[in-house]
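Inspection log for the structure reproduced underneath, given as C-alpha cells.
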Amino acid sequence: MSILKATAIFGSFTFLSRILGFVRDILMASILGAGMVADCFVVAFKLPNFFRRLFAEGAFSAAFVPIFSATLEQDGQEEAVVFAEEAFAGLMVVLLLLVGLMEIFAPAVIYVLAGGFADDTVKFDLAVLLTRITFPFILFISLVSLLGGILNSLGRFAETAAMPIILNIFLISALVFFANRLETPAHALAIAVSLAGFVQLVWLWRACRKAGYRIRIKWPHMTPKVRELLRIMGPAALGAGVIQLNLMLDMILASHLPDGSMSFLFYADRLNQLPIGVIGVALGTVLLPMLSREIAAGNGHQVIHSQNRAIEMGLFLTVPAAVAFIVVPYELIHVLLERNRFTAEDTLQTSLALAAYAAGLPAYVLAKVFSPGYFARKDTRTPVKFAMIALVANVILNIALMIPLKHVGLALATAISAWLNVALLCGGLVRRGHFHFDKQALGRLTRYVICSLLMGAVVWYVSTLTAPLIGGAFYEKITGIAVLVMTGIVTYILLAFLTGAIRKEDLAILRRRKI
C-alpha cells in the first residue's frame, strides 16, 4: 500500500468521523450551550481522554507497534499473537485498577483539576457524577488502541480509523433521543461515552479475529517482551504524561475564568482538530510502522525521504487551514454553532480562541511527523525532555497571557509551546543526522505559505461581500459559508498549480511509494 493510499484511507474515515463530530458539536452547542452543564461535561469527557492519550495513543502505541511488528517479522504470527495477549492482559489489569481508583477518588480529582468548581456545590457535584459515568471509557478505548496497533501493523488502517465514528454516532443518538429524558442532556452524553467505548472494543476484537489474530484474555505474566515493552513505554508514558499535565494545567486555569471559558476552548479546539485528525494523526499512524521497517532494513536515506514527503503532504492542507481559521473564525463558528442556547457572545469568544489555536495548527501536524522518527528507533526518552521544556514554556505563557486575554491567552500559549516542541523535535533529528529538509520540501513549503497568504486575502475580501448572507436566515448562512469555503479551496488549488507547489505527476509518484 502506498503512503498516499494508506493516509487517504485513514484520513477519509477520520474526516467522516470529524463531520459527525461537527454534527455532535452543533447539537451540543444548541442543547447544552456554553454554560455550567456544558463545562461539567467537558471536564468529565476530558479526564478519560487524558488517560487514553497517556496509556493508549501516546506511550503504549509508541512501544507496542515496533515490538509487535518486529516479532511478526522475525518470529511469525503465532509468537506475535502470544505477545499481543500478554500485553492485552497487563494493560487490562492496570486499567481496571485505574478505573476503580477514579470511581473512589473522583471528588478529589475534580477538586484538583477544576478547583474553580468548588465554589459552586451544584456544579462541583455534577462534574463528579459525570466523571464517574464517563471514566470506564478509558478501559475500553485503551484496549481498542492495542487491537488497533495490531491491525495497523498489518497495514489495515480502515478499521482503526473508523472507531471514532462509533463514538460520535452514540453521542448524537444520546442528544437526539435521550437529552430530555434524563436529569440533564450531559447525563445522556456521559452514559453514551462509556457505551460507545464498549462497542468499539467488541468491534475491533472481531476485526482482529477475522484477520487471524484472536486475542484471548489470560492472566498477565512478566515475559522478556513485556519487559521490553515496559522499558520502552516508561519514558514515553512520562512524555505523554507531561503533555497531558500541560492540558490539565490549562483546564485548572480555565476553571478559574468566567463560566463558559472551558466550553469556548472546547468548541474552538474541536474545529481546530479537524485538519489535525484528518492529516496529522493519519500521517503519524502510517509513518510509525513504515519507518520501523525502513530503519530495521538500514535504509536511512529512505527514512529521510519518507519524512520529507510526509511533511509536504501534511502542510499542503494545514497551512491554508490555519490561515482560514485566523482570517474568518467568526463566520465559521457563527454558522456552525450559533443557535438556541449558543449566543452571539459565545460565538465571538469561541472564534477568538479558534484563531489563537490555529496559529499552532501546522506545529501540531509536524509533531505527528517528527515523533515517529524517534519512536521507530525505540527512542522514547528524547521526546520527554522536549515535552518538559514545552510544558514549562506553556505554564509561563499561560500565566502571562491569561490575565490580559483570559481563555484566548490559554489557547495562544498552547500554540506557541507547540511550535517550541516541534523546533526541538526537528532539531534533535537534524543533529543526529536522522533528518534534513531536502530542496523539494523547502521549495514547496515556501510556496504553500505564499499561496495560503494570498488565499487568506481573497477569502477576507469575499467575507466582506458575503456578510449579509452570513447574518441572514439559515439557508442564507449556509450559502454564505459555502461561498467562502469554495472560494478558499479553488483559490488555493489554482495558486498551488500556478506556483508549482503541486504538480499532476505528484499523485503518481506518491502512489508508487511503498510502506
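The values are calculated or read from the model by the stated rules, or taken from the named source; none is laboratory data. Not measured: the values here are computed from a predicted model. Using ideal geometry, Cβ is built from the backbone for each residue, glycine included, and neighbour counts are taken over all protein chains shown. The protein model used for the area step is the full one, side chains on, heavy atoms only, and it has no ligands, DNA or RNA in it. Shrake-Rupley method; radii C 1.70, N 1.55, O 1.52, S 1.80 Å.
General remarks:
- Cross-link pairs beyond the 30 Å C-alpha cut-off, checked among 46/385; 218/378; 225/385; 368/439; 46/210; 225/368: 46/210
- Table column - 3J(HN,Hα) (Hz), segment 470-482, Karplus curve with 6.51, -1.76, 1.60, x for Gly and Pro: 4, x, x, 5, 4, 5, 5, 4, 4, 4, x, 6, 5
- Dimensions of the chain along the principal axes, based on C-alpha atoms and rounded to the nearest Å, stand at 64, 60, 43, largest first.
- Note on surface exposure: 283, 129, 97 rank 97, 129, 283 by accessible area, highest first, 1.4 Å probe.
- Sulfur and carbon atoms: percent of accessible area, the chain [1.4 Å]: 69 percent
- With all protein chains kept in place, the per residue accessible area of segment 347-450 amounts to 41 square angstrom at a probe of 1.4 angstrom.
- Pairwise FRET efficiency - residue 96 versus residue 305, Cβ, R0 = 41 Å, nearest 0.05: 0.40
- Note that segment 296-340 shows a convex hull volume over its alpha carbon atoms of 87 Å³ per residue.
- With the simple model of a label 7 Å out from the Cα in the direction of the Cβ, residue 173 to residue 252 spans 3.8 nm.
- Taking 0.36 nm per residue of sequence separation and removing the Cα-Cα distance, the residue 489/residue 19 pair yields an extension gain of 167.4 nm.
- Rounded accessible area of residue 463 (nearest 10 Å², 1.4 Å probe): 10 Å²
- Take each peptide in 88-95, 396-403, count the other Cβ atoms within 10 Å of every residue, and average; sorted highest first, the result is 88-95, 396-403.
- Heavy atoms of residue 256: accessible area, 1.4 Å probe, square angstrom to 10: 120 Å²
- Accessible surface comparison of 460, 419, probe 1.4 Å, protein chains only, largest first: the order is 460, 419.
- Binning all Cα-Cα separations of segment 288-446 at 10 Å, short to long from zero, yields these whole-percent fractions: 10, 32, 30, 19, 8, 1.
- Pairwise inverse Cα distances across segment 180-221, averaged and inverted, put the Kirkwood hydrodynamic radius at 12.7 Å.
- Within segment 354-490, the proportion of Cα pairs with more than 19 Å between them is 65 percent.
- Per residue accessible area of segment 15-139, 1.4 Å probe, in Å²: 35 Å²
- With an a/c value of 1.5 or above and a/b not larger than b/c for the gyration tensor axes a ≥ b ≥ c computed over the alpha-carbon atoms, segment 77-236 is described as oblate.
- Mean sequence separation of contacting Cα pairs (under 8 Å, at least six apart), scaled by the length of segment 387-462, corresponds to a relative contact order of 21 percent.
- Nearest-0.05 FRET efficiency for residue 216 and residue 339, computed from C-beta distance (R0 51 Å): 0.55
- On the beta carbon distance between residue 75 and residue 381, with R0 = 41 Å, the FRET formula returns roughly 0.95.
- Shape index of segment 305-371: Rg/Rh, with Rg the Cα radius of gyration and Rh the Kirkwood radius from the inverse mean 1/r over Cα pairs, equals 1.14.
- Of all aspartates and glutamates in the structure, those lying under 20 Å Cα to Cα from residue 477, and not within fewer than 8 positions of it along the same chain, are 25, 331, 338, 345, 346.
- Taking every C-alpha pair closer than 8 Å and separated by at least 6 residues, the mean separation divided by the residue count of the chain gives a relative contact order of 22 percent.
- Exposure of residue 442 as accessible area (Å², to 10), given a probe of 1.4 Å and all protein chains: 90 Å²
- For segment 409-479, the alpha-carbon coordinates run over 57, 33, 17 Å along the three principal axes, in decreasing order.
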